[in-house]
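> Supplied in structure tokens, the structure appears directly below.
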Amino acid sequence: IIIVHLGGFPLNTQKILKLSKKYKFKIIEDASHAIGAVYKNDKIGSCKYSDICIFSMHPVKIITSGEGGLATCNNQELNKKMKLLREHGIERDKKKFKNQTFSPWIYEQQYLGYNYRLSDIHAALGLNQLKRINKFINRRNYIAGIYKKELKNLPIKFQTLLKDSVSTYHLFIILVEKNIRNKLFKYLRNRNILVNIHYIPIFIHPYHKPKKFNKNKFRNSLEYYSRAISLPNYYNLSQKDLKKVIILIKKFYKKYGSKKN
């Protein structure tokens, strides 16, 4: 099962691990949004409650290497397999050869692998960014705190953070009433506030149409999709712009919405 720490909010991986032992499945954490996040005082990526954890280093993420990503695990066999797959499946350690041929030029392709290596330049950028990760996350948490404080009296729902956890707030997602979501989106976009929707349910995309998914089986996804909006949250978001977003949302609700009960 691939679990997603949406917006940088850690899931209850301890509970999912218990299910994996009962039903005999493996766990991969999609932590594309969650590098630097904490769950039960452990960093996401420790793989204490999973088999493999993957991160994205795309330019819009918490830290970037320009492109690419990384994976972590606590299992030597998985570690070996991932390293082989990233380099065309090629093994150069003679102790691990399957054929007993030891000429100096010999290497073995043991899997049909890929060219998934991060270049030295990208890695250097990623390492430099890693030194600043706490600074980036603290700023995002600060912005999120202002949003919550200023918008708490409106009919808006925020993501729930688990106890003993830290979110990266890669996204600041709110849920609003279904009947005003599109109106609020257009209202803010028309005023140069680049809100977005994260994400469109996968089965809606044209690629999956031939599979004829039964939408009634994905009611939670559709309900979420009809209500979600992501507000701007990034390191360089100024106090002035943050205040502008909040003022506009309050003006919108004063004109179109209802007050929270």
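The values are calculated or read from the model by the stated rules, or taken from the named source; none is laboratory data. For clarity, every value in this text was computed on a predicted model and none was experimentally measured. Because the Cβ atoms are built from the backbone with ideal geometry, glycine has one as well, and the counts that use them run over all protein chains shown. With ligands, DNA and RNA removed, areas are computed over all heavy atoms of the protein, side chains included. Shrake-Rupley method; radii C 1.70, N 1.55, O 1.52, S 1.80 Å.
> Go through the range 187-212 residue by residue and tally those that are surrounded by 11 or more Cβ atoms within 10 Å (Cβ to Cβ) and more than 25 Å from the chain's Cα centre (by Cα).
To start, the set of residues in the range 187-212 that are surrounded by 11 or more Cβ atoms within 10 Å (Cβ to Cβ) comprises 187-189, 191, 193, 195-199, 201-204, 208.
Those left that are additionally more than 25 Å from the chain's Cα centre (by Cα): 187, 191.
The qualifying residues number 2.
> Go through LEU11, LEU17, LEU78 for me and flag whichever is open to solvent by 50 Å² or more (accessible area, probe 1.4 Å) and either in a helix (DSSP H, G or I) or modelled with pLDDT under 95 (or both).
Values: LEU11 fails: either in a helix (DSSP H, G or I) or modelled with pLDDT under 95 (or both); LEU17 fails: open to solvent by 50 Å² or more (accessible area, probe 1.4 Å).
Matching residue, one of LEU11, LEU17, LEU78: LEU78.
> Just to be sure I understand the filter: pairs with C-beta atoms under 6 Å, separated by 6 or more residues or on different chains, first member in the range 87-104 and outside any loop (DSSP other than H, G, I, E, B), second member of a type in the set (Asp, Glu) and surrounded by 10 or more Cβ atoms within 10 Å (Cβ to Cβ). Which pairs pass?
Qualifying pairs under 6 Å: GLU91/GLU108.
> Would you pick out the residues in the range 20-47 that are in contact with a helix residue (DSSP H, G or I) (Cβ under 8 Å, 6 or more places away or on another chain) and part of a strand (DSSP E or B)?
Across the range 20-47, the qualifying residues are GLU29, TYR39.
> Could we say that LYS61 is of a type outside the set (A, V, I, L, M), open to solvent by 40 Å² or more (accessible area, probe 1.4 Å) and modelled with pLDDT of 95 or more here? Lay out the reasoning, then the answer.
Details: of a type outside the set (A, V, I, L, M): yes; open to solvent by 40 Å² or more (accessible area, probe 1.4 Å): no; modelled with pLDDT of 95 or more: yes.
No, not satisfied.
> Tell me which residues, restricted to the range 226-242, are assigned to a helix (DSSP H, G or I) and either open to solvent by less than 60 Å² (accessible area, probe 1.4 Å) or on the phi > 0 side of the Ramachandran plot (or both). Before the answer, list the steps.
The first filter runs over the range 226-242 and keeps only residues assigned to a helix (DSSP H, G or I), leaving 239-242.
The answer is LEU242, and nothing else.
> Is one or more of the residues making up the range 214-224 open to solvent by less than 100 Å² (accessible area, probe 1.4 Å), touching a residue at least 60 places away in the same chain (Cβ under 8 Å) and farther than 20 Å from ALA31 by Cα?
Looking only at the range 214-224, we keep the residues that are open to solvent by less than 100 Å² (accessible area, probe 1.4 Å), and these are 214, 218, 221-224.
If we keep only those that are touching a residue at least 60 places away in the same chain (Cβ under 8 Å) too, we end up with none.
For the range 214-224, residues open to solvent by less than 100 Å² (accessible area, probe 1.4 Å), touching a residue at least 60 places away in the same chain (Cβ under 8 Å) and farther than 20 Å from ALA31 by Cα: absent.
> Please go through (1) in contact with a Cys (Cβ under 9 Å, 6 or more places away or on another chain); (2) outside any loop (DSSP other than H, G, I, E, B) for LYS83 and return the number of the only condition it doesn't satisfy.
(1)
> Consider only pairs whose beta carbons are under 9 Å apart and that are at least six residues apart or on different chains; among these, list those whose first residue lies in the range 14-43 and is at positive phi and whose second residue is modelled with pLDDT of 95 or more and assigned to a strand (DSSP E or B).
Partner pairs satisfying both residue conditions: GLY36/LYS43; GLY36/VAL166; LYS40/SER165; ASN41/SER165.
> Spot the failing condition for GLU67; the list is (1) farther than 30 Å from LYS135 by Cα; (2) open to solvent by 80 Å² or more (accessible area, probe 1.4 Å); (3) in a loop (DSSP other than H, G, I, E, B), and only one is missed.
In the conditions (1) farther than 30 Å from LYS135 by Cα; (2) open to solvent by 80 Å² or more (accessible area, probe 1.4 Å); (3) in a loop (DSSP other than H, G, I, E, B), GLU67 misses (1) alone.
> Sort out which residues of the range 116-164 are more than 25 Å from LYS43 (Cβ to Cβ), surrounded by 11 or more Cβ atoms within 10 Å (Cβ to Cβ) and among the basic types (Lys, Arg), and write them in order of number.
If the condition is that a residue be more than 25 Å from LYS43 (Cβ to Cβ), surrounded by 11 or more Cβ atoms within 10 Å (Cβ to Cβ) and among the basic types (Lys, Arg), then LYS157 is the only one that fits.
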